[in-house]
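The values are calculated or read from the model by the stated rules, or taken from the named source; none is laboratory data. Keep in mind that this is a model prediction, so the values were computed, not measured. Note that we place each Cβ from the backbone using ideal geometry, even for glycine, and neighbour counts take in every protein chain shown. Calculation scope for accessible area: heavy atoms of the full protein, side chains included, ligands and nucleic acids excluded. Shrake-Rupley method; radii C 1.70, N 1.55, O 1.52, S 1.80 Å.
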Amino acid sequence: MTKVSMTVNGKTVSGEVEGRTLLVEFLREGLGLTGTHVGCDTSQCGACVVHVNGEATKSCTTFASLCDGAEVTTIEGMANPDGSLGKIQQAFQDHHGLQCGFCTPGMVMSAAALLKDNPKPTEAEVRHYLDGNICRCTGYHNIVKAIMAASGQDVSIAAE
Amino acid sequence: MYAFEIETPSTVQDAVAALKSEGAQALGGGHTLIPTLKSRLAAPEKLVALSGIDEIKGVRMGDDSRLCIGGGTTHATVAAEAAGHYPGLARLASLIGDPAVRNRGTIGGSLANNDPSACYPAGTLASGATIVTNAREIAADDFFQGMFTTALDEGEIITEVKFPIPEKSFYAKMLQPASRFPLTAVFVAKFADGVRVAVTGASESGVFRWAEAEAALSSDFSKAAVDALSAPPADGMIGDIHGTPEYRAHLVKVMTGRAVENAA
Ligand SMILES: Cc1cc2nc3c(=O)[nH]c(=O)nc-3n(C[C@H](O)[C@H](O)[C@H](O)COP(=O)(O)OP(=O)(O)OC[C@H]3O[C@@H](n4cnc5c(N)ncnc54)[C@H](O)[C@@H]3O)c2cc1C
Ligand code: FES
Ligand code: FES
């Protein structure tokens, strides 16, 4: 076991991990942050996406010990300080960007990573960026709409 | 996953030393190796993480006007930083997997793995690049030795890849949408002294150069020159639920034509 310390959603945390402990296991089982989901565990679905040093990262395909010293943001870090939904989360609610909600944490984290680099993406750019986020319920249209809305753009033309 | 320890060297020298111990294996971005470990298809006793070695990261122009990419450079960094120097290669990197895969996966890991459907082997072979390791330099023509097989020795680390920059190039990828790998893809590179065409995702022996297309395109760089060729033989092409050997052989010709049409 080795000791690992990182900043998760602005708070410094530490714990003991094995070499094989995945970041998602550390977050969910070590810290109790169960908002990050494991959909496939084979690196394909994107339900487990978090930000590591600002970059969208599959936490099921990252070892916890290699995140020593990193800044990690999870879905729990996306709400406003008063606990109300953050802008992207609210847009998902407003535009019915979720049904069962299983993929949503990863969708929101991917959307946040996209909008950080590209604040006004086109609809095609949103769809391309979501290549690695699989949703089995919505058919994606409303997810794309929500992200267009969160970027402050007209959604009447998107995904109709 | 079976248990293992992870070492985190910060120099190539320390990594090479760590890889000398019994049962040690290099870890790049982990986007091939971690899924492999999860399915218990590999059981290393020790992983030597290359992600903390700054000297093998980054994109720079070499003195001999080759584009030099550190072996530990992520696909996302190549997509962003190679764009001004070698747009065809930057575009190849931008089409690998999805954004999270590109943020972690590295060129060194992709080449060392030599998946028969991976993207970088095509760009590397078509460019006539040189693979630099801690021990030596290997020409791309000698590096790829069949499915999941390369010229690398045990414990040898890819530290850099040097790409001659073609006048024109394009990577035409037919996406297999479930895996996000190519079903079949072709990289065409037009140099002053000839054209190189490399195919991935088609042959059971991994990435290969399509000699007939190279000869035809070297004298006439046009889609018509590709149309006049017959597709390569289906014998030895991959057949699986996604496509028959005949379909893949056909795709080789179609994607070569598209690459030539779009080359810039
Ligand atoms: C969902 C998904 C989609 C993908 N889509 C594509 C795609 O479209 N096209 C594509 O080409 N790839 C694709 N990949 C694979 C991806 O590009 C991997 O990142 C890459 O193949 C391996 O690189 P890595 O740095 O992650 O290596 P790792 O997984 O860490 O290692 C792979 C192998 O290389 C060895 N190794 C690692 N680095 C070095 C080095 N510097 N020197 C020597 N040996 C080394 C390791 O020991 C291991 O054997 C995809 C992967 C996923 C999960
Ligand atoms: S759980 Fe990580 S990609 Fe599916
Ligand atoms: S809302 Fe159910 S998987 Fe996306």
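Here are a few things to note about the model shown:
- For the stretch A:102-131, taking the residues that are part of a loop (DSSP other than H, G, I, E, B) and among the hydrophobic types (A, V, I, L, M, F, W, C), the one that is nearest to residue B:76 (Cα to Cα) is identified as A:103.
- Scan of the stretch B:10-33 for residues that are farther than 15 Å from residue B:156 by Cα and either more than 8 Å from chain A (Cβ to nearest Cβ) or open to solvent by 30 Å² or more (accessible area, probe 1.4 Å) (or both), ordered by number: B:10, B:29, B:31, B:32, B:33
- Within the stretch B:211-242, the set of residues being in contact (Cβ under 8 Å) with a residue 40 or more places away in the chain and open to solvent by less than 10 Å² (accessible area, probe 1.4 Å) comprises B:213, B:217.
- Any hit, the stretch A:42-51, residues being away from ligand 1 (no atom under 16 Å from the Cβ) and touching a Cys at 6+ places or on another chain (Cβ under 6 Å): no
- Residue under evaluation residue A:34, criteria (1) in a loop (DSSP other than H, G, I, E, B); (2) polar (S, T, N, Q); (3) within 14 Å of another protein chain (Cβ to nearest Cβ); (4) within 25 Å of residue A:16 (Cβ to Cβ), criterion not met: (3)
- The test for being more than 16 Å from ligand 2 (Cβ to nearest atom), modelled with pLDDT of 95 or more and within 29 Å of residue B:60 (Cβ to Cβ) holds for residue B:171.
- When the stretch A:129-147 is limited to residues that are in contact with a Ser or Thr (Cβ under 9 Å, 6 or more places away or on another chain) and not β-branched (Val, Ile, Thr), the one that is nearest to ligand 3 (Cβ to nearest atom) turns out to be A:135.
- Of all residues in the stretch A:39-54, one or more are within 14 Å of another protein chain (Cβ to nearest Cβ), within 16 Å of ligand 3 (Cβ to nearest atom), more than 24 Å from residue B:47 (Cβ to Cβ) and open to solvent by 40 Å² or more (accessible area, probe 1.4 Å).
- Selection count where residues are more than 16 Å from ligand 1 (Cβ to nearest atom), of a type in the set (S, T, N, Q) and within 12 Å of chain B (Cβ to nearest Cβ), scope the stretch A:94-136: 1
- Out of A:30, A:19, A:15, sole residue that is in contact with a strand residue (DSSP E or B) (Cβ under 9 Å, 6 or more places away or on another chain) and within 19 Å of residue B:51 (Cα to Cα): A:19
- Residue list for the stretch A:55-87, filter: within 10 Å of chain B (Cβ to nearest Cβ), open to solvent by 10 Å² or more (accessible area, probe 1.4 Å) and not hydroxyl-bearing (Ser, Thr, Tyr): A:55, A:66, A:68
- Pairs where the first residue, in the stretch A:86-102, is touching a residue at least 12 places away in the same chain (Cβ under 8 Å) and the second is within 13 Å of ligand 3 (Cβ to nearest atom) and open to solvent by 100 Å² or more (accessible area, probe 1.4 Å), C-beta under 9 Å, 6+ apart: A:99/A:136; A:100/A:136; A:102/A:136
- Residue pairs meeting the criteria (Cβ under 8 Å; at least 6 apart or on separate chains; first at positive phi, in the stretch B:141-155; second open to solvent by 90 Å² or more (accessible area, probe 1.4 Å)): B:155/B:20
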